[in-house]
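Just below is one structure, and these are the notes that go with it.
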Amino acid sequence: MSLQTQIAIIGAGIAGLTMAIKLKRMGFSDFTVIEAANEIGGTWRGCSSDVAIHLYSLSSDLCPDWMHSHALQPDILQYWLQLTAKYGLDRNISLDHKVVSAEWNGGGYDILAETGDGTRIPLTAKVLVSAVGRLGVPRFPDIPGVAEFRGVSFHSARWDTSVSLAGKRVAVVGNGPSATQFVPIISQDPSVQVTQYCRSPRWLAPPALSQYSAAQRWLFRHSPCYLRAFRSFQFFWKTDHEKYLTRYMKRVVPLEYWEEAIPSGPNLSLCPDHEQNRFFVLLTSTGSEQDDYFISIKGNAGQCVAEYYVAQGGPTAYLGTTLPGFANLFFISGGNTATGSSSVLLAVEIQTEYIIQLIQPILDGNISSLEVTVGATEAYNRYLQVKLTGFVWSKCSSWYRTGGDGKVYATFPGPMTLFWCWLRRPNWDHYTFHSATGWKPQRSVLGGIIPTCWCCCPEISRIS
C-alpha cells in the first residue's frame, strides 16, 4: 500500500530544506522530503561558500554566529542541521530513499523510491517539488584509457574519505571552482605530490575568507538591524572585474606562466607537453551533468521531463519553476534561475515563496491541479534567449549551455531584484486549473506589472 502525503519534495539539500522550512513556518506538516543520501547536505573536501556567508543564510533565519566571511563546509552543514532540528524536520525527511520514478495519476503523482538495500517504497502525493539542485550528478571526463587506470579514482563530488593521500602522487583533472578550493587543502601535506591538468585558463580571485572581529560578532548577535543591513550591503559589493583579477594573477603567478594561466579570450585552450606520469590517485574535478534530468517523472501529457528538455534544446521552464504538460510539478533551481552576481539561495527563497502561492489553493481544496500554459512558457523563454545573446555566456563554451555550446539554460539575464519582481505574484492567466467549486484567483492590480526600465519587450510585457 502506498504511503500518502500532500506534498513530496525530492532532495534534502538547501533547496529542499528551504521549501520544508517555509511549509513548517506556515504551520503545514503534511509533506515528505525524500533524500537519496544518508544525511542532509554534504559536499566535497575543502569547500566553502562562494559568496559571503550571510548571503548563504535564509532570510528568515539569519545566523549571528558565523566566524568567517565565507564559512567552510562543516560550519555550513551545521547551520542546516540546526535548522532541521529547530523546525522538527527529521520526522518529515526520509533518508536513504532515492526517487526512481514519478507519474501523474490524474490527481497527483505515484512516486516510487528505492532504499539502499533495494527495497521499493511507493508514495502518493498531490504536489511534487523537485529540489534536486544542479550539482548532484558528477560529470566524468572522457579520457582514453581511463578505464584501465589501476589506482584509486573518484570524483571530487563523491569524495572517498577512506583514501589517504599522504605519501602519494595525485593527479587532479580540472581547475574549476571545486579544484580551486580543494587543491590548496590537499597540497598542505608536503608528502602529497599533486599534478593538476587544466584544459583552459581560469580567472582566480584573492582568497575572500576573512575572520570577523569580536566586535562585529557582538553587533551581529545584539543588533539584528545591523546584521540585516550588513547582509543587504553585501548584495551590492562587487569587485571581481577583469582588470582587478589580472593584476592579482600577475602578482601571484610566476612570469613564465602568465601566458598559460591568465585568460585572454573565450575558450583559450592550453597545450601542455605530452608527458607521461604515474599516479596512485586520479581525482577528477570536472563539474556536473546539468543539461539533463535524471529522474523519470512523467506528466499529464505522457512525456517525461528529460524528453521535454530534449525537445526544447535543454532545460526549459516558465520562470524556472513550472513546465507545461506537468500538472502540480514544481522546480526549484530550474532552467535560467541562477546568476553570476548573487546568491543562489536568494533565488531559491524567491521560488519557494512563488510555489507556496501556486499550491495554496490546492492545499485549501479549491482546485485539484494547475499547469502552466504552453504559450506563456514559450514566450517567456523566447524573451530570455533574446536577452542572453547580449551576455558573454552566449559567446563561449561552458556548462551554462546545453552540450557546452548550445542553448544557455543555466543563467538568468538580469538581477535577482527583477527575478523577484516577476515571481512575487502568480499571473493566473498563464495557468490552467481544475476546480469543482468554481474557485477563481484573487488578482492583484500590481501582480503582473514588470518594470519597463529593464523589461520593455512587447512580447514579455503581454505575457506578464
Could you list, in sequence order, all residues of region 192-249 that are among the aromatic types (Phe, Trp, Tyr) and closer than 28 Å to residue 172 by Cβ? 197, 203, 244, 248
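Conditions tested, residue by residue: (1) closer than 26 Å to residue 263 by Cα; (2) crowded, with 17+ Cβ neighbours inside 10 Å; (3) assigned by TED's automatic domain parsing to the domain that holds residue 259; (4) without any contact (Cβ under 8 Å) to a residue 12 or more places away in the chain.
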| position | (1), (2), (3), (4) |
| --- | --- |
| 185 | yes, no, yes, no |
| 189 | no, no, yes, no |
| 194 | yes, yes, yes, no |
| 214 | no, no, no, yes |
| 218 | no, no, no, yes |
When region 372-408 is checked residue by residue, the ones that are aliphatic (A, V, I, L, M) and at pLDDT below 85 are 392
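Working only within region 82-119, note down all residues that are of a type in the set (A, V, I, L, M, F, W, C), surrounded by fewer than 15 Cβ atoms within 10 Å (Cβ to Cβ) and outside the structural domain of residue 26 (by TED's automatic domain parsing). If you could, list the steps in order and put the result at the bottom.
Keep residues of region 82-119 that are of a type in the set (A, V, I, L, M, F, W, C), which gives 83, 85, 89, 93, 95, 99-100, 102, 104, 111-113.
Filter once more, keeping what is surrounded by fewer than 15 Cβ atoms within 10 Å (Cβ to Cβ): 85, 100.
Hit for region 82-119 is 85, nothing else.
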Looking at region 154-191 only, could you name the residues that are modelled with pLDDT of 90 or more and of a type in the set (Val, Ile, Thr)? 163, 170, 172, 173, 186
Considering 393, 399, which residue is of a type in the set (Phe, Trp, Tyr), surrounded by fewer than 20 Cβ atoms within 10 Å (Cβ to Cβ), in contact with a Phe, Trp or Tyr (Cβ under 8 Å, 6 or more places away or on another chain) and under 20 Å from residue 134 (Cα atoms)? 393
All but one of (1) in contact (Cβ under 8 Å) with a residue 40 or more places away in the chain; (2) under 28 Å from residue 121 (Cα atoms) hold for residue 52, so report the exception by its number. (2)
Take the residues in region 14-37 that are under 25 Å from residue 76 (Cβ atoms) and among the polar types (S, T, N, Q), then tell me which one is nearest to the chain's Cα centre (by Cα). 18
Options 184, 122, 144, 190: the member that is part of a helix (DSSP H, G or I) and out of contact with any helix residue (DSSP H, G or I) (no Cβ under 6 Å at 6 or more places or on another chain): 184
Of (1) of a type in the set (S, T, N, Q); (2) more than 22 Å from residue 156 (Cβ to Cβ); (3) in a helix (DSSP H, G or I); (4) not assigned by TED's automatic domain parsing to the domain that holds residue 321, residue 18 satisfies every one except (4)
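For residue 173, are the conditions met, namely being surrounded by fewer than 18 Cβ atoms within 10 Å (Cβ to Cβ), in contact with a helix residue (DSSP H, G or I) (Cβ under 9 Å, 6 or more places away or on another chain) and farther than 28 Å from residue 247 by Cβ?
Values: surrounded by fewer than 18 Cβ atoms within 10 Å (Cβ to Cβ): no; in contact with a helix residue (DSSP H, G or I) (Cβ under 9 Å, 6 or more places away or on another chain): yes; farther than 28 Å from residue 247 by Cβ: yes.
Judged against the criteria, residue 173 is not a match.
Rundown of residues vs (1) more than 15 Å from the chain's Cα centre (by Cα); (2) in a loop (DSSP other than H, G, I, E, B), yes/no style:
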site: 6; (1), (2): yes, no
site: 12; (1), (2): no, yes
site: 65; (1), (2): yes, yes
site: 77; (1), (2): yes, no
Identity of the residue in region 17-56, farther than 30 Å from residue 362 by Cβ and either among the acidic types (Asp, Glu) or in contact with a Cys (Cβ under 6 Å, 6 or more places away or on another chain) (or both), that ends up surrounded by the fewest Cβ atoms within 10 Å (Cβ to Cβ): 39
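Looking at region 260-282, can you tell me whether even one residue there is outside any helix (DSSP H, G or I), within 28 Å of residue 334 (Cα to Cα) and either aliphatic (A, V, I, L, M) or modelled with pLDDT of 75 or more (or both)?
As a first pass, look at region 260-282 and keep what is outside any helix (DSSP H, G or I): 262-282.
Filter once more, keeping what is within 28 Å of residue 334 (Cα to Cα): 266-267.
Those left that are additionally either aliphatic (A, V, I, L, M) or modelled with pLDDT of 75 or more (or both): none.
Looking for residues that are outside any helix (DSSP H, G or I), within 28 Å of residue 334 (Cα to Cα) and either aliphatic (A, V, I, L, M) or modelled with pLDDT of 75 or more (or both), one finds none in region 260-282, hence no.
Quick check on residue 347: is it modelled with pLDDT under 95, part of a helix (DSSP H, G or I) and within 20 Å of residue 422 (Cβ to Cβ)?
On the way: modelled with pLDDT under 95: yes; part of a helix (DSSP H, G or I): yes; within 20 Å of residue 422 (Cβ to Cβ): yes.
Against the criterion (modelled with pLDDT under 95, part of a helix (DSSP H, G or I) and within 20 Å of residue 422 (Cβ to Cβ)), residue 347 qualifies.
So, in region 396-442, exactly how many residues are assigned to a loop (DSSP other than H, G, I, E, B) and among the aromatic types (Phe, Trp, Tyr)?
Looking only at region 396-442, we keep the residues that are assigned to a loop (DSSP other than H, G, I, E, B), and these are 396-400, 405-407, 409-410, 412-415, 424-427, 435-442.
Checking which are among the aromatic types (Phe, Trp, Tyr) leaves us with 399-400, 409, 412, 439.
Number satisfying all stated conditions: 5.
The values are calculated or read from the model by the stated rules, or taken from the named source; none is laboratory data. Predicted model only: the values in this text are computed from it and were never measured. Every residue, glycine among them, receives a Cβ derived from its backbone with ideal geometry; neighbour counts consider all protein chains shown.
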